[in-house]
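Trainee: Right, I'll just put the structure down here and ask away after.
The values are calculated or read from the model by the stated rules, or taken from the named source; none is laboratory data. Keep in mind the model is a prediction, meaning the values are calculated, not measured. Glycine also receives a Cβ, built like all others from the backbone with ideal geometry; neighbour counts cover every protein chain displayed. Side chains are part of the model used for accessible areas, which takes the heavy atoms of the whole protein and leaves out ligands, DNA and RNA. Shrake-Rupley method; radii C 1.70, N 1.55, O 1.52, S 1.80 Å.
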Amino acid sequence: MKRFKGIYWRTFTVTVGMVALTLILLGASFFSLTYSYIMTEKRSELRDRAEIIAQMALDAYVKSSSWLAQQEDLRSMVGVAQQMSGTDFLIWIPQRGEFLGISAELDNQEITLPLALGRKLAKGEVYTGVSTLGFYEKPRAVVAIPARTEGAVTIGPVLAIAEPNAMTEMWRAFLGIFGMTAVTVLLIAFVASATTAMQQTKPIRDMASAARKFAEGNFDARVHNAGREDEIGELIESFNAMADSLQKTEQQRREFIANISHELKTPMTTIAGYADGILDGVISRSEERQYLTIISGESRRLARLVRRMLDVSQLQSLDLIKQKTPFDLSESMRRVLVSMEKKITSRGLDVDVDIPEDPVMVLGDNDLLTQVVYNLLENAAKFAAQGSTLFLGLARQGGKAIVTVQNTGPTIPPEELPLLFERFHKSDRSRSEDKDGVGLGLYIVRTILEQHHEKITAESENGVTTFSFTVQLAGEENPKSV
């Protein structure tokens, strides 16, 4: 029973039901109107025939000195009309005090007239109705016209009698045609409704099946669009886009778990190994301080890793659109230089600064963009060749402020440049020269800039590595692309 409650059966039932109801209402109206029209037309024909017969009988009676002589001729003429029209006639002959049946079988029969017929004729009105007249087995349509008088002769009333089946023959033909049409329309409605309902529900069933696979951890399932451009097509495209996003998120989650497991395993193994060595007495007391220093450094590294992971989580949940405010980027960059002075001088590096003296007002979060500059300058100082020069520049171009950080050192291979901003990515030189790095600094940079809807690029050629990123200038509503 559950399958018959689905959208397919609901759509199918509603469509077919509406078509059937429409056909019933139209059929009822059509039958009522056509039946009324046909009956009116037939009764009008009977009245005309009765008047003709009455006039023929009156003429025959007036012109003939012998009624009996004219009776057979009258029956003969009217008999032809009766055979052609399927109508019986009764003529009341006042002079004889009896009904004359144009059909001989009606002569001298006991005729019972309805009371309504007598009242109508007494008023000189035409009567139309249905009666057996006390003679016919089944009711027949009866039309009676008042008597006609010419001179001293009165003929009538005259009754025209016809079988209802004959009167409704055309109506029955209409009924048959309408019935065939209704059946054809219903069959077409069945097929069209079933096809349409199937087209509407199949993508939904496919999406439900794909969703169940997602719940099982399989994110490869997709729904085929088949070129649809309606609302269902848009839903399919959105569903597939969601599936792509879920698959990418799942892949990133797995990579994140693998990377974090690797990053946590190394310092924890070092800490556990040296701590066990000290506890077991394998490491001499003279070496304990050295290994305790290593344990302390690895512990701090773990703390930095956890702190950076929390920073990334907080950055991804921020709504920076509401936090953007104008601030002087040049002043923020000078503060970063001052805070980095000790690290830069400890490596014997020089700094080439190209920052405008006048304020460069940009729109964004001051603290986060300052962190971007700090991370890039720290990264450049960390991997710069001993005694080389760092470059820190700021310029305006096309409604954007462009910040450039450059150092001189080993060239980064082209295939590795796109990976620099991934989580936990470290180049080979990073692993050899920077044991304290956690591989999240440049990822945080990219995350902050993506939150600001800005871009960052990295180039490395002939030992010179350059990072550049853009920030929207304050007051520039429609900044040009750079």
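Trainee: Could you check how many residues of the stretch 101-123 are closer than 21 Å to MET77 by Cα and either modelled with pLDDT of 75 or more or of a type in the set (Asp, Glu) (or both)?
Mentor: Total satisfying the criteria: 2.
Trainee: Which number in (1) at pLDDT below 80; (2) over 45 Å from the mean Cα position of the chain (by Cα) marks the one condition that GLY277 misses?
Mentor: GLY277 satisfies all of (1) at pLDDT below 80; (2) over 45 Å from the mean Cα position of the chain (by Cα) except (1).
Trainee: Could you list, ordered by first residue, the pairs with Cβ atoms under 8 Å in which the first is in the stretch 200-227 and more than 11 Å from LEU246 (Cβ to Cβ) and of a type in the set (S, T, N, Q) and the second is open to solvent by less than 40 Å² (accessible area, probe 1.4 Å) and part of a loop (DSSP other than H, G, I, E, B), at least 6 apart or interchain?
Mentor: THR201/GLY6; SER209/ALA221
Trainee: In this structure, does VAL353 turn out to be modelled with pLDDT of 85 or more and either β-branched (Val, Ile, Thr) or exposed (fewer than 13 other Cβ atoms within 10 Å of the Cβ) (or both)?
Mentor: Answer is yes for this residue.
Trainee: Considering only the stretch 395-416, state which residues are in a helix (DSSP H, G or I) and open to solvent by 50 Å² or more (accessible area, probe 1.4 Å).
Mentor: PRO414, GLU415
Trainee: Does TYR61 satisfy the criteria of being open to solvent by 80 Å² or more (accessible area, probe 1.4 Å), closer than 30 Å to LEU121 by Cβ and of a type in the set (Ser, Thr, Tyr)?
Mentor: No, not satisfied.
Trainee: Next up: Show the residue pairs that are 6+ apart or on different chains and have beta-carbon atoms under 6 Å apart, the first residue being within the stretch 47-59 and touching a residue at least 40 places away in the same chain (Cβ under 8 Å), the second being open to solvent by 70 Å² or more (accessible area, probe 1.4 Å).
Mentor: The qualifying pairs are ALA54/ARG148; LEU58/ARG148; LEU58/GLU150.
Trainee: Out of the stretch 365-382, which residues are open to solvent by 20 Å² or more (accessible area, probe 1.4 Å) and over 22 Å from HIS453 (Cβ atoms)?
Mentor: If the condition is that a residue be open to solvent by 20 Å² or more (accessible area, probe 1.4 Å) and over 22 Å from HIS453 (Cβ atoms), then GLU378, ASN379, LYS382 are the ones that fit.
Trainee: Hey, LEU390 hits all of (1) more than 18 Å from ASN375 (Cβ to Cβ); (2) at pLDDT 80 or above but one; which does it fall short on?
Mentor: (1)
Trainee: Which residues, counting only those in the stretch 144-180, are at pLDDT 80 or above and open to solvent by less than 40 Å² (accessible area, probe 1.4 Å)?
Mentor: ALA144, ILE145, PRO146, PRO157, VAL158, LEU159, ALA160, ILE161, ALA162
Trainee: Moving to a separate point now. Restricting attention to the stretch 443-457, and to residues there that are open to solvent by 20 Å² or more (accessible area, probe 1.4 Å) and either hydrophobic (A, V, I, L, M, F, W, C) or on the phi > 0 side of the Ramachandran plot (or both), which single residue is modelled with the highest pLDDT?
Mentor: Step by step, filter the stretch 443-457, then rank; the result is ILE456.
Trainee: Could I ask something else about it? Cβ-Cβ distance below 9 Å, separation of 6 or more or different chains: which pairs start in the stretch 269-298 with a residue that is in contact (Cβ under 8 Å) with a residue 24 or more places away in the chain and end on one that is basic (Lys, Arg) and open to solvent by 60 Å² or more (accessible area, probe 1.4 Å)?
Mentor: Once the first residue is in contact (Cβ under 8 Å) with a residue 24 or more places away in the chain and sits in the stretch 269-298, its partners that are basic (Lys, Arg) and open to solvent by 60 Å² or more (accessible area, probe 1.4 Å) give GLY297/LYS435.
Trainee: How do the pairs read when you match residues in the stretch 332-359 that are touching a residue at least 12 places away in the same chain (Cβ under 8 Å) with residues anywhere that are acidic (Asp, Glu) and surrounded by 12 or more Cβ atoms within 10 Å (Cβ to Cβ), using Cβ under 8 Å and keeping only pairs 6 or more apart or on different chains?
Mentor: Pairs that qualify, where the first residue is touching a residue at least 12 places away in the same chain (Cβ under 8 Å) and the partner is acidic (Asp, Glu) and surrounded by 12 or more Cβ atoms within 10 Å (Cβ to Cβ), are MET340/GLU378; LYS343/GLU378; PRO359/ASP328; PRO359/GLU331.
Trainee: Looking only at the stretch 215-242, which residues are surrounded by 15 or more Cβ atoms within 10 Å (Cβ to Cβ) and of a type outside the set (D, E, K, R)?
Mentor: Listed by number, the residues that qualify are PHE219, ALA221, VAL223, ASN225, ILE232, LEU235, ILE236, PHE239, ASN240.
Trainee: While we're on this one: Read through the list (1) surrounded by 13 or more Cβ atoms within 10 Å (Cβ to Cβ); (2) within 30 Å of VAL158 (Cβ to Cβ), then give the number of the only condition that THR40 fails.
Mentor: For THR40, the failing item is (1).
Trainee: Modelled with pLDDT under 75, hydrophobic (A, V, I, L, M, F, W, C) and at negative phi: which single residue out of ALA60, ALA50 fits that description?
Mentor: So the residue among ALA60, ALA50 that is modelled with pLDDT under 75, hydrophobic (A, V, I, L, M, F, W, C) and at negative phi is ALA60.
Trainee: Filter the stretch 458-482 for residues that are part of a loop (DSSP other than H, G, I, E, B) and either touching a Leu at 6+ places or on another chain (Cβ under 7 Å) or more than 30 Å from SER388 (Cβ to Cβ) (or both); which is modelled with the lowest pLDDT?
Mentor: SER481
Trainee: Can you find a residue that is without any contact (Cβ under 8 Å) to a residue 40 or more places away in the chain, open to solvent by 60 Å² or more (accessible area, probe 1.4 Å) and touching a helix residue (DSSP H, G or I) at 6+ places or on another chain (Cβ under 6 Å) anywhere in the stretch 386-394?
Mentor: no
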